[in-house]
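Asks: My questions will all concern the structure given below.
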Amino acid sequence: MADRNLPRPRFGLRLCLCLGFRAPDQVEEAMEAPPRPLRLRCSVQNYDWGRFGEESTVARLFEGNSGSEIELGRPYAEFWMGMHESGPSFVVASQEAAGAEAECLAPGVVTLKKWIGENPGALGVKVVQKWGKNLPFLFKVLSVAKALSIQAHPDKELARMLHKMRPSVYKDPNHKPEMAIALTEFRALCGFVNIEELKDVLVGVPEITELIGNEEVSKIIGSKDLDGYLDAKALLRSIFTKLMSASKEAVLELVPKLKDRLDVESKIRTLTEKEQLVLLLEKQYQADVGVIAAFLFNYVKLSPGEALYIGSNEPHAYISGDCIECMAASDNVVRAGLTAKYIDVPTLCSMLTYKQGFPEILRGVPIYSYVSRYTPPFDEFEVDRCLLPPKESVVFSAIPGPSIFVIVAGEGTMQISSPAEERKVIQGDVFFVPAQNEIRLIASADAPIHLYRAGVNNRVFG
């Protein structure tokens, strides 16, 4: 990690190496006296697709979290909260929170991964039983200015195999189902269009036929009955594989041809949203097969507060906007287009489920005043969204698993019961909250608090 991403103490904060450390085998003892919530110093990723300067939610959060000034000419793409080694979080303790433990402060840093390894009781008994001394989720904020790659995340079996074969590319053996909750208007490609829309695409985009040939195209366009799931899946797989495997020379010829055709047609008709998107992608990734492949995917537009979840082996590409993202603790990505990074077309094309149809959009289920919950069909995580008006308060009850809280906007105070403890919170503050801690948040008189909590899916606790 670059030096600028290492934690730097800000006013009133000190680093603590001995904040409630317990031996790894003292899980039950830890549950009897749960560790206190920890303030975290988090990592930022400056990928080239990120939004620049103060326009980036990631940049503003990193500024509040680290005390670092925003570099206006630098992209801020992802803000990582968790224990993954590619973007670790570090434990920080305030003087007022440390109390008597202030005597054991020492120079240095402690990663959240190390702290949890020495305090597994913070995860709760059921989490330790299921995932060991590991936080099962990774929490992020994304600020997207330029489309991310067409990609998918492997299931557990494939992840283990890919990690064993190419550990430098596929960095861990875990799967990576994920969920994105829009902070702003957020756009993405996700999953394949249904059969009827696919027929329209193949008729209306002749460049696809030129790349893959007439045989599969004719089978789909000419068929009156494609209700058979396996037949439709096999045909879609064949079309997509041939498209993504097309020669560089053919792609180099046909992407500009597609652009020229759409430019001409835009003068005599209004282009569809998908066609306008394709022209945008062509500006970002000239002569990339992903520009043409975009026609095969659902174009999803989320308003703030709406969410999209993506299972293993499902194709997707984020296009623009800021979002909260939560996933199983993994950094495995198989890419095949809209990127200058390593691509693995054979693996991506062979791993996909080829499910068709528009993805489910989650809007959050109210669980109490000011708080809605997003519950995807994955054990590793769920996310709560809290919009707390000025002067109002909300209580997050003690639960048998860990949580990470991030303050996206606003300021106020956090109160921790048993024993009572109060801390000021501002934009960019991140807290790891061990199991069995009740948290009360109070918004300031001047502005609302906008925060998110990631935790283990409540179904794990029965």
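The values are calculated or read from the model by the stated rules, or taken from the named source; none is laboratory data. Just so we're clear, the structure is a prediction, and the values are computed from it rather than from any experiment. All Cβ positions, glycine included, derive from the backbone under ideal geometry; neighbour counts span all protein chains shown. Only protein heavy atoms, including side chains, enter the accessible area calculation; ligands, DNA and RNA are left aside. Shrake-Rupley method; radii C 1.70, N 1.55, O 1.52, S 1.80 Å.
Asks: When you look at Ser350, is it under 30 Å from Arg166 (Cα atoms) and among the hydroxyl-bearing types (Ser, Thr, Tyr), yes or no?
Replies: Values: under 30 Å from Arg166 (Cα atoms): yes; among the hydroxyl-bearing types (Ser, Thr, Tyr): yes.
In short, yes.
Asks: I'm checking my understanding of the structure. Among residues of segment 357-376 that are out of contact with any Ser or Thr (no Cβ under 7 Å at 6 or more places or on another chain) and in a strand (DSSP E or B), which one is modelled with the lowest pLDDT? Break it down stepwise before answering.
Replies: In the first step, residues of segment 357-376 are kept if they are out of contact with any Ser or Thr (no Cβ under 7 Å at 6 or more places or on another chain); the result is 357-363, 367-376.
Filter once more, so that each one left must be in a strand (DSSP E or B): 361-362, 367-368, 371-374.
Numbers: Ile361: 97, Leu362: 97, Ile367: 95, Tyr368: 89, Val371: 98, Ser372: 98, Arg373: 98, Tyr374: 98.
Applying the filter and picking the extreme gives Tyr368.
Asks: Sticking with this structure for a sec: Please go through segment 326-343 and give me each residue that is surrounded by fewer than 20 Cβ atoms within 10 Å (Cβ to Cβ), within 21 Å of Leu281 (Cβ to Cβ) and not β-branched (Val, Ile, Thr), ordered by number.
Replies: Ala340, Lys341, Tyr342, listed by residue number.
Asks: So Asp379 clears everything in (1) surrounded by 15 or more Cβ atoms within 10 Å (Cβ to Cβ); (2) part of a strand (DSSP E or B) except one condition, right? Which one?
Replies: (2)
Asks: Please tell me if Gly64 is of a type in the set (Gly, Ala, Ser), modelled with pLDDT under 95, within 27 Å of the chain's Cα centre (by Cα) and open to solvent by less than 30 Å² (accessible area, probe 1.4 Å).
Replies: On the way: of a type in the set (Gly, Ala, Ser): yes; modelled with pLDDT under 95: no; within 27 Å of the chain's Cα centre (by Cα): yes; open to solvent by less than 30 Å² (accessible area, probe 1.4 Å): yes.
When the stated conditions are applied, Gly64 does not pass them.
Asks: Next up: Any residue at all in segment 259-266 that's closer than 18 Å to Val201 by Cβ, surrounded by 15 or more Cβ atoms within 10 Å (Cβ to Cβ) and touching a residue at least 60 places away in the same chain (Cβ under 8 Å)?
Replies: Scanning segment 259-266, I find no residue that is closer than 18 Å to Val201 by Cβ, surrounded by 15 or more Cβ atoms within 10 Å (Cβ to Cβ) and touching a residue at least 60 places away in the same chain (Cβ under 8 Å), so the answer is no.
Asks: Say whether the condition of being touching a helix residue (DSSP H, G or I) at 6+ places or on another chain (Cβ under 6 Å) and in a strand (DSSP E or B) is met by at least one residue in segment 324-335. First the steps, then the outcome.
Replies: First pass over segment 324-335, keeping only residues touching a helix residue (DSSP H, G or I) at 6+ places or on another chain (Cβ under 6 Å): 332, 334.
Still in the running and in a strand (DSSP E or B): 334.
The answer is yes; a qualifying residue exists.
Asks: Residues Leu158, Leu123: which one is assigned by the TED database to the domain that holds Phe381, open to solvent by less than 40 Å² (accessible area, probe 1.4 Å) and more than 17 Å from the chain's Cα centre (by Cα)? I'd like the intermediate steps shown before the answer.
Replies: Details: Leu158 fails: assigned by the TED database to the domain that holds Phe381.
Exactly one residue qualifies, and that residue is Leu123.
Table: residues versus (1) in contact with a strand residue (DSSP E or B) (Cβ under 8 Å, 6 or more places away or on another chain); (2) modelled with pLDDT of 95 or more; (3) in the same structural domain as Leu296 (by the TED database).
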| site | (1), (2), (3) |
| --- | --- |
| Lys219 | no, no, yes |
| Leu226 | no, no, yes |
| Val264 | no, yes, yes |
| Ile268 | no, yes, yes |
| Leu277 | yes, yes, yes |
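Asks: Among the residues of segment 194-203, is there at least one that is surrounded by 19 or more Cβ atoms within 10 Å (Cβ to Cβ), in the same structural domain as Val345 (by the TED database) and without any contact (Cβ under 8 Å) to a residue 60 or more places away in the chain?
Replies: yes
Quick grid of which residues meet (1) out of contact with any strand residue (DSSP E or B) (no Cβ under 8 Å at 6 or more places or on another chain); (2) more than 24 Å from Leu135 (Cα to Cα); (3) not assigned by the TED database to the domain that holds Glu422:
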{"site": "Ala287", "(1), (2), (3)": "yes, yes, yes"}
{"site": "Leu296", "(1), (2), (3)": "no, yes, yes"}
{"site": "Lys301", "(1), (2), (3)": "no, yes, yes"}
{"site": "Ala307", "(1), (2), (3)": "no, no, yes"}
{"site": "Ile324", "(1), (2), (3)": "no, no, yes"}
{"site": "Met327", "(1), (2), (3)": "no, no, yes"}
{"site": "Leu352", "(1), (2), (3)": "no, yes, yes"}
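Asks: Return the residues of segment 42-61 that are free of Cβ contacts under 8 Å to residues at least 60 places away in the same chain and open to solvent by less than 10 Å² (accessible area, probe 1.4 Å); say none if nothing qualifies.
Replies: Ser43, Val44, Gly53
Asks: Test Gly357 against the criterion of being out of contact with any His (no Cβ under 8 Å at 6 or more places or on another chain), on the phi > 0 side of the Ramachandran plot and open to solvent by less than 20 Å² (accessible area, probe 1.4 Å), and give yes or no. Write out each step before concluding.
Replies: Details: out of contact with any His (no Cβ under 8 Å at 6 or more places or on another chain): yes; on the phi > 0 side of the Ramachandran plot: yes; open to solvent by less than 20 Å² (accessible area, probe 1.4 Å): no.
No: the conditions fail for Gly357.
Residue-by-condition table, conditions (1) charged (D, E, K, R); (2) within 21 Å of the chain's Cα centre (by Cα); (3) not in a helix (DSSP H, G or I):
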position: Lys114; (1), (2), (3): yes, no, no
position: Lys140; (1), (2), (3): yes, yes, yes
position: Ser143; (1), (2), (3): no, yes, yes
position: Pro154; (1), (2), (3): no, yes, yes
position: Ile181; (1), (2), (3): no, yes, yes
position: Lys199; (1), (2), (3): yes, no, no
position: Val203; (1), (2), (3): no, no, no
position: Glu210; (1), (2), (3): yes, no, no
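Asks: Further question on the same structure: Here is a list of conditions, (1) open to solvent by less than 10 Å² (accessible area, probe 1.4 Å); (2) in contact with a strand residue (DSSP E or B) (Cβ under 6 Å, 6 or more places away or on another chain); (3) at pLDDT 95 or above, and Ser94 meets all of them except one; can you say which number that is?
Replies: (3)
Asks: Residue check, Val169 against (1) of a type in the set (A, V, I, L, M, F, W, C); (2) in a loop (DSSP other than H, G, I, E, B); (3) within 14 Å of the chain's Cα centre (by Cα), all met but one. Which one?
Replies: Evaluating Val169 over (1) of a type in the set (A, V, I, L, M, F, W, C); (2) in a loop (DSSP other than H, G, I, E, B); (3) within 14 Å of the chain's Cα centre (by Cα) leaves (3) as the failure.
Asks: Being buried (at least 18 other Cβ atoms within 10 Å of the Cβ), under 20 Å from Trp80 (Cα atoms) and among the aliphatic types (A, V, I, L, M) is the filter here; which residues of segment 407-456 pass it?
Replies: Hits for segment 407-456 are Ile407, Val408, Ala409, Val425, Val430, Val433, Leu451, Ala454, Val456.
Asks: Here's another thing I want to ask about it. Just checking, how many residues over segment 324-376 are within 21 Å of Val291 (Cβ to Cβ), touching a Pro at 6+ places or on another chain (Cβ under 9 Å) and among the small types (Gly, Ala, Ser)?
Replies: 1
Asks: List pairs: first residue in segment 280-305 and closer than 29 Å to Tyr374 by Cβ and surrounded by 17 or more Cβ atoms within 10 Å (Cβ to Cβ), second residue at pLDDT 95 or above and of a type in the set (Ser, Thr, Tyr) anywhere in the structure, Cβ distance under 7 angstrom, at least six positions apart or on different chains.
Replies: Pairs found: none.
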